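S.K.: A single structure is presented below for examination.
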Amino acid sequence: VQEGSLIARFGRARRDRSLAVLEGFHPLKHALRFGANVLLVVSRDTDELERLAAQLAPDVAARIAELAQAVTPSVFEQLAPLPPTTGVIALAERPAVDAATMLAAPREAPLVLLEDPRDLGNMGACVRVAAAADAAGVLSTGSHDPWAPDALRGAAGLHFALPVARLGALEELAAAGGTTGLDGLASAAGEHAPLAHARPLLALDPDGEPLLARELPPRALLAFGTERYGLSDELLARADARVSIPMRAGVSSLNLATSVAAVLFAWRLAAAR
Ligand SMILES: C[S@@+](CC[C@H](N)C(=O)[O-])C[C@H]1O[C@@H](n2cnc3c(N)ncnc32)[C@H](O)[C@@H]1O
(Lines give C-alpha, C1' and ligand atoms only; values in the text may rest on other atoms or scores of the structure.)
Protein backbone atom coordinates (compact mmCIF):
# COMPACT_ATOMS: atom_id res chain seq x y z
CA VAL A 1 0.00 0.00 0.00
CA GLN A 2 2.84 2.34 0.94
CA GLU A 3 4.58 1.63 -2.37
CA GLY A 4 1.32 2.16 -4.27
CA SER A 5 0.79 5.51 -2.59
CA LEU A 6 4.36 6.53 -3.47
CA ILE A 7 3.71 5.77 -7.14
CA ALA A 8 0.43 7.73 -6.96
CA ARG A 9 2.18 10.65 -5.21
CA PHE A 10 4.78 11.00 -7.97
CA GLY A 11 2.04 10.66 -10.59
CA ARG A 12 0.06 13.54 -9.01
CA ALA A 13 3.19 15.64 -8.52
CA ARG A 14 3.83 15.64 -12.28
CA ARG A 15 0.62 17.59 -12.74
CA ASP A 16 0.93 19.81 -9.65
CA ARG A 17 2.20 23.31 -10.48
CA SER A 18 3.31 23.87 -6.88
CA LEU A 19 5.75 20.95 -7.01
CA ALA A 20 8.94 20.10 -8.90
CA VAL A 21 9.77 16.49 -9.82
CA LEU A 22 13.56 16.11 -9.77
CA GLU A 23 14.60 13.18 -11.94
CA GLY A 24 18.17 12.15 -11.26
CA PHE A 25 21.10 13.12 -9.09
CA HIS A 26 22.10 16.47 -10.62
CA PRO A 27 18.66 18.12 -10.31
CA LEU A 28 18.55 17.00 -6.67
CA LYS A 29 22.09 18.28 -6.03
CA HIS A 30 21.36 21.74 -7.48
CA ALA A 31 17.97 21.98 -5.79
CA LEU A 32 19.56 21.41 -2.38
CA ARG A 33 22.56 23.60 -3.14
CA PHE A 34 20.34 26.53 -4.11
CA GLY A 35 18.01 26.28 -1.14
CA ALA A 36 15.01 24.26 -2.37
CA ASN A 37 12.60 22.81 0.12
CA VAL A 38 13.05 19.14 -0.85
CA LEU A 39 10.12 17.10 0.43
CA LEU A 40 11.02 13.56 -0.52
CA VAL A 41 14.02 11.66 -1.94
CA VAL A 42 13.59 8.09 -3.19
CA SER A 43 16.46 5.84 -4.21
CA ARG A 44 16.67 2.32 -5.64
CA ASP A 45 20.19 1.95 -4.20
CA THR A 46 21.06 4.12 -1.20
CA ASP A 47 24.70 2.89 -1.11
CA GLU A 48 25.17 4.03 -4.71
CA LEU A 49 23.46 7.35 -3.86
CA GLU A 50 25.85 7.86 -0.96
CA ARG A 51 28.82 7.19 -3.26
CA LEU A 52 27.53 9.66 -5.87
CA ALA A 53 26.93 12.32 -3.24
CA ALA A 54 30.39 11.91 -1.71
CA GLN A 55 31.98 12.17 -5.14
CA LEU A 56 29.87 14.88 -6.81
CA ALA A 57 28.24 16.89 -4.05
CA PRO A 58 29.96 16.58 -0.68
CA ASP A 59 28.39 19.93 0.33
CA VAL A 60 24.89 18.41 0.33
CA ALA A 61 25.74 14.73 0.95
CA ALA A 62 24.60 14.76 4.60
CA ARG A 63 21.22 16.29 3.64
CA ILE A 64 20.74 13.69 0.88
CA ALA A 65 21.51 10.84 3.30
CA GLU A 66 19.04 12.28 5.80
CA LEU A 67 16.22 12.53 3.22
CA ALA A 68 16.77 9.33 1.19
CA GLN A 69 14.26 6.50 1.38
CA ALA A 70 14.99 3.13 -0.24
CA VAL A 71 12.52 1.50 -2.64
CA THR A 72 12.78 -1.69 -4.68
CA PRO A 73 13.95 -1.34 -8.31
CA SER A 74 10.48 -2.44 -9.51
CA VAL A 75 8.80 0.42 -7.61
CA PHE A 76 11.47 2.90 -8.72
CA GLU A 77 10.75 2.01 -12.37
CA GLN A 78 7.18 3.23 -11.89
CA LEU A 79 8.00 6.68 -10.52
CA ALA A 80 8.89 8.30 -13.87
CA PRO A 81 8.23 7.53 -17.56
CA LEU A 82 12.01 7.36 -18.13
CA PRO A 83 13.54 6.33 -14.79
CA PRO A 84 16.80 8.21 -14.17
CA THR A 85 19.94 6.11 -14.52
CA THR A 86 21.38 7.56 -11.30
CA GLY A 87 18.58 5.73 -9.43
CA VAL A 88 17.25 8.72 -7.51
CA ILE A 89 14.12 10.83 -7.87
CA ALA A 90 12.83 13.56 -5.59
CA LEU A 91 10.03 16.04 -4.98
CA ALA A 92 10.54 19.68 -4.00
CA GLU A 93 8.38 22.75 -3.56
CA ARG A 94 8.62 25.28 -6.37
CA PRO A 95 9.69 28.68 -5.05
CA ALA A 96 7.11 31.47 -5.36
CA VAL A 97 8.18 33.62 -8.32
CA ASP A 98 6.12 35.78 -10.62
CA ALA A 99 6.83 37.56 -13.87
CA ALA A 100 6.00 41.07 -12.61
CA THR A 101 8.53 40.82 -9.76
CA MET A 102 11.16 39.48 -12.14
CA LEU A 103 10.59 42.34 -14.59
CA ALA A 104 10.84 44.91 -11.81
CA ALA A 105 13.96 43.47 -10.12
CA PRO A 106 16.56 46.26 -10.15
CA ARG A 107 19.76 44.22 -10.55
CA GLU A 108 21.77 45.08 -13.66
CA ALA A 109 21.59 41.72 -15.43
CA PRO A 110 19.68 40.63 -18.53
CA LEU A 111 16.39 38.76 -18.25
CA VAL A 112 15.68 36.05 -20.85
CA LEU A 113 12.27 35.78 -22.50
CA LEU A 114 11.58 32.58 -24.46
CA GLU A 115 8.63 33.04 -26.77
CA ASP A 116 6.58 29.83 -27.03
CA PRO A 117 9.45 27.32 -26.81
CA ARG A 118 8.37 23.86 -27.95
CA ASP A 119 11.08 21.54 -26.65
CA LEU A 120 11.28 21.01 -22.88
CA GLY A 121 14.89 19.82 -22.99
CA ASN A 122 15.82 22.97 -24.91
CA MET A 123 13.98 25.12 -22.34
CA GLY A 124 15.94 23.39 -19.62
CA ALA A 125 19.21 24.04 -21.43
CA CYS A 126 18.26 27.76 -21.57
CA VAL A 127 17.65 27.81 -17.81
CA ARG A 128 20.95 26.04 -17.18
CA VAL A 129 23.01 28.53 -19.19
CA ALA A 130 21.09 31.50 -17.75
CA ALA A 131 21.96 30.26 -14.25
CA ALA A 132 25.61 29.76 -15.22
CA ALA A 133 25.85 33.27 -16.69
CA ASP A 134 24.09 34.72 -13.62
CA ALA A 135 21.26 36.26 -15.65
CA ALA A 136 18.30 37.84 -13.85
CA GLY A 137 15.92 34.99 -14.72
CA VAL A 138 14.02 33.18 -17.45
CA LEU A 139 10.44 33.90 -18.53
CA SER A 140 8.55 31.86 -21.09
CA THR A 141 5.29 32.26 -22.97
CA GLY A 142 3.21 29.51 -24.58
CA SER A 143 1.64 26.33 -23.32
CA HIS A 144 4.70 24.56 -21.90
CA ASP A 145 5.41 24.67 -18.18
CA PRO A 146 9.05 25.76 -17.72
CA TRP A 147 9.09 23.70 -14.48
CA ALA A 148 7.98 20.46 -16.18
CA PRO A 149 10.11 17.45 -15.16
CA ASP A 150 11.80 17.23 -18.59
CA ALA A 151 12.75 20.93 -18.41
CA LEU A 152 14.13 20.44 -14.90
CA ARG A 153 16.11 17.49 -16.20
CA GLY A 154 17.52 19.54 -19.10
CA ALA A 155 18.47 22.29 -16.64
CA ALA A 156 20.07 19.87 -14.16
CA GLY A 157 17.74 21.45 -11.58
CA LEU A 158 19.19 24.96 -11.94
CA HIS A 159 15.68 26.44 -11.83
CA PHE A 160 16.39 26.86 -8.12
CA ALA A 161 19.39 29.10 -8.84
CA LEU A 162 17.43 31.94 -10.49
CA PRO A 163 13.76 32.93 -10.97
CA VAL A 164 11.95 30.97 -13.70
CA ALA A 165 8.29 31.65 -14.50
CA ARG A 166 5.65 31.71 -17.20
CA LEU A 167 4.43 34.96 -18.67
CA GLY A 168 0.73 34.51 -19.52
CA ALA A 169 0.79 36.90 -22.48
CA LEU A 170 3.00 39.60 -23.97
CA GLU A 171 0.55 42.25 -22.69
CA GLU A 172 1.84 41.50 -19.20
CA LEU A 173 5.10 43.19 -20.18
CA ALA A 174 3.32 46.52 -20.51
CA ALA A 175 1.02 45.90 -17.53
CA ALA A 176 4.05 45.34 -15.31
CA GLY A 177 5.70 48.49 -16.70
CA GLY A 178 8.25 45.97 -17.84
CA THR A 179 9.69 47.46 -20.99
CA THR A 180 10.57 50.82 -22.38
CA GLY A 181 12.43 52.17 -25.38
CA LEU A 182 16.20 52.44 -25.23
CA ASP A 183 15.88 56.24 -25.10
CA GLY A 184 13.24 55.92 -22.39
CA LEU A 185 15.64 53.94 -20.25
CA ALA A 186 18.37 56.56 -20.62
CA SER A 187 16.02 59.39 -19.67
CA ALA A 188 14.75 57.40 -16.71
CA ALA A 189 18.17 57.25 -15.07
CA GLY A 190 18.12 58.35 -11.45
CA GLU A 191 17.08 56.67 -8.27
CA HIS A 192 13.50 57.92 -8.10
CA ALA A 193 12.63 58.04 -11.80
CA PRO A 194 9.39 56.15 -12.46
CA LEU A 195 10.86 54.20 -15.37
CA ALA A 196 14.09 53.29 -13.61
CA HIS A 197 13.07 49.65 -13.44
CA ALA A 198 11.80 49.35 -16.99
CA ARG A 199 13.67 47.10 -19.39
CA PRO A 200 14.56 47.65 -23.06
CA LEU A 201 13.22 44.74 -25.12
CA LEU A 202 15.80 43.30 -27.55
CA ALA A 203 14.57 40.78 -30.12
CA LEU A 204 17.20 38.17 -31.03
CA ASP A 205 16.62 37.54 -34.70
CA PRO A 206 19.01 36.18 -37.36
CA ASP A 207 17.94 39.11 -39.59
CA GLY A 208 18.68 41.80 -36.99
CA GLU A 209 21.60 44.22 -36.76
CA PRO A 210 24.82 42.54 -35.52
CA LEU A 211 24.88 42.48 -31.73
CA LEU A 212 27.61 44.44 -29.95
CA ALA A 213 27.96 42.81 -26.54
CA ARG A 214 29.51 45.88 -24.92
CA GLU A 215 26.45 47.90 -25.87
CA LEU A 216 23.86 45.57 -24.37
CA PRO A 217 21.66 47.60 -21.98
CA PRO A 218 22.44 46.37 -18.45
CA ARG A 219 18.83 45.37 -17.73
CA ALA A 220 17.85 44.18 -21.20
CA LEU A 221 14.92 41.84 -21.72
CA LEU A 222 16.36 39.45 -24.34
CA ALA A 223 13.64 37.74 -26.40
CA PHE A 224 14.30 34.47 -28.25
CA GLY A 225 11.83 32.87 -30.64
CA THR A 226 10.24 29.48 -31.02
CA GLU A 227 12.44 26.74 -32.48
CA ARG A 228 10.85 26.48 -35.92
CA TYR A 229 9.33 29.89 -36.63
CA GLY A 230 11.36 32.41 -34.62
CA LEU A 231 9.79 35.45 -32.93
CA SER A 232 6.17 36.45 -33.53
CA ASP A 233 5.22 39.62 -35.39
CA GLU A 234 3.65 40.85 -32.14
CA LEU A 235 6.90 40.54 -30.24
CA LEU A 236 8.95 42.05 -33.06
CA ALA A 237 6.57 45.02 -33.15
CA ARG A 238 7.06 45.59 -29.41
CA ALA A 239 10.86 45.30 -29.54
CA ASP A 240 13.10 48.33 -29.10
CA ALA A 241 15.76 46.75 -31.32
CA ARG A 242 16.32 43.62 -33.40
CA VAL A 243 19.79 42.13 -33.03
CA SER A 244 21.59 39.12 -34.46
CA ILE A 245 24.45 36.84 -33.51
CA PRO A 246 26.73 37.02 -36.57
CA MET A 247 27.04 33.66 -38.34
CA ARG A 248 28.97 32.24 -41.28
CA ALA A 249 27.17 32.70 -44.63
CA GLY A 250 24.84 29.80 -45.44
CA VAL A 251 23.95 28.95 -41.82
CA SER A 252 20.28 29.84 -41.20
CA SER A 253 20.19 29.98 -37.41
CA LEU A 254 21.52 28.61 -34.15
CA ASN A 255 19.63 26.26 -31.89
CA LEU A 256 17.53 28.16 -29.31
CA ALA A 257 19.60 27.28 -26.23
CA THR A 258 22.84 27.81 -28.13
CA SER A 259 21.76 31.33 -29.08
CA VAL A 260 20.81 32.11 -25.45
CA ALA A 261 24.27 30.87 -24.43
CA ALA A 262 26.04 32.97 -27.06
CA VAL A 263 24.32 36.21 -26.02
CA LEU A 264 24.53 35.72 -22.26
CA PHE A 265 28.18 34.76 -22.35
CA ALA A 266 28.99 37.59 -24.78
CA TRP A 267 27.48 39.88 -22.11
CA ARG A 268 29.30 38.17 -19.27
CA LEU A 269 32.67 38.07 -21.00
CA ALA A 270 32.38 41.68 -22.24
CA ALA A 271 31.92 42.80 -18.65
CA ALA A 272 34.62 40.33 -17.46
CA ARG A 273 32.29 39.09 -14.72
C1 LIG B 1 16.15 27.89 -34.10
S2 LIG B 1 15.99 29.60 -34.04
C3 LIG B 1 14.54 29.93 -35.03
C4 LIG B 1 14.83 29.97 -36.46
C5 LIG B 1 13.75 30.64 -37.26
N6 LIG B 1 13.58 29.97 -38.50
C7 LIG B 1 14.12 32.11 -37.47
O8 LIG B 1 14.41 32.48 -38.60
O9 LIG B 1 14.12 32.90 -36.52
C10 LIG B 1 15.31 29.94 -32.45
C11 LIG B 1 15.64 31.30 -31.94
O12 LIG B 1 17.03 31.38 -31.66
C13 LIG B 1 17.46 32.73 -31.86
N14 LIG B 1 18.54 32.73 -32.85
C15 LIG B 1 19.06 31.66 -33.50
N16 LIG B 1 20.08 32.03 -34.28
C17 LIG B 1 20.21 33.37 -34.13
C18 LIG B 1 21.09 34.36 -34.66
N19 LIG B 1 22.07 34.07 -35.51
N20 LIG B 1 20.94 35.65 -34.27
C21 LIG B 1 19.99 35.98 -33.39
N22 LIG B 1 19.13 35.10 -32.85
C23 LIG B 1 19.23 33.82 -33.21
C24 LIG B 1 16.28 33.54 -32.32
O25 LIG B 1 15.70 34.19 -31.23
C26 LIG B 1 15.37 32.46 -32.87
O27 LIG B 1 14.03 32.88 -32.85
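S.K.: In region 248-273, which residues are over 20 Å from the mean Cα position of the chain (by Cα), surrounded by 13 or more Cβ atoms within 10 Å (Cβ to Cβ), among the aliphatic types (A, V, I, L, M) and part of a loop (DSSP other than H, G, I, E, B)?
M.R.: Scanning region 248-273 gives a single hit, Ala271.
S.K.: While we're looking at this one, here's another question. Please give the number of the condition Ala135 fails out of (1) more than 16 Å from the ligand (Cβ to nearest atom); (2) modelled with pLDDT of 95 or more; (3) of a type in the set (Gly, Ala, Ser).
M.R.: (1)
S.K.: Sticking with this structure for a sec: Where residues in region 34-88 are part of a helix (DSSP H, G or I) and of a type in the set (Gly, Ala, Ser), which of them is farthest from the chain's Cα centre (by Cα)?
M.R.: Ser74
S.K.: Suppose we filter region 239-261 for residues that are over 15 Å from Leu114 (Cβ atoms) and more than 6 Å from the ligand (Cβ to nearest atom); how many remain?
M.R.: Number of matching residues: 10.
S.K.: Kindly provide the set of residues from region 217-238 that are away from the ligand (no atom under 13 Å from the Cβ) and part of a loop (DSSP other than H, G, I, E, B), ordered by number.
M.R.: Across region 217-238, the qualifying residues are Pro217, Pro218, Arg219, Ala220.
S.K.: I'm told Ala270 meets every condition in (1) of a type in the set (A, V, I, L, M); (2) near the ligand (Cβ under 6 Å from one of its atoms); (3) at pLDDT below 95 except one. Can you identify the failing condition by its number?
M.R.: Condition not satisfied by Ala270: (2).
S.K.: Hey, does region 14-31 have a residue that's in a helix (DSSP H, G or I), without any contact (Cβ under 8 Å) to a residue 60 or more places away in the chain and not hydrophobic (A, V, I, L, M, F, W, C)?
M.R.: no
The values are calculated or read from the model by the stated rules, or taken from the named source; none is laboratory data. Just so we're clear, the structure is a prediction, and the values are computed from it rather than from any experiment. No Cβ is skipped: glycine too gets one built from the backbone with ideal geometry, and neighbour counts run over all protein chains shown.
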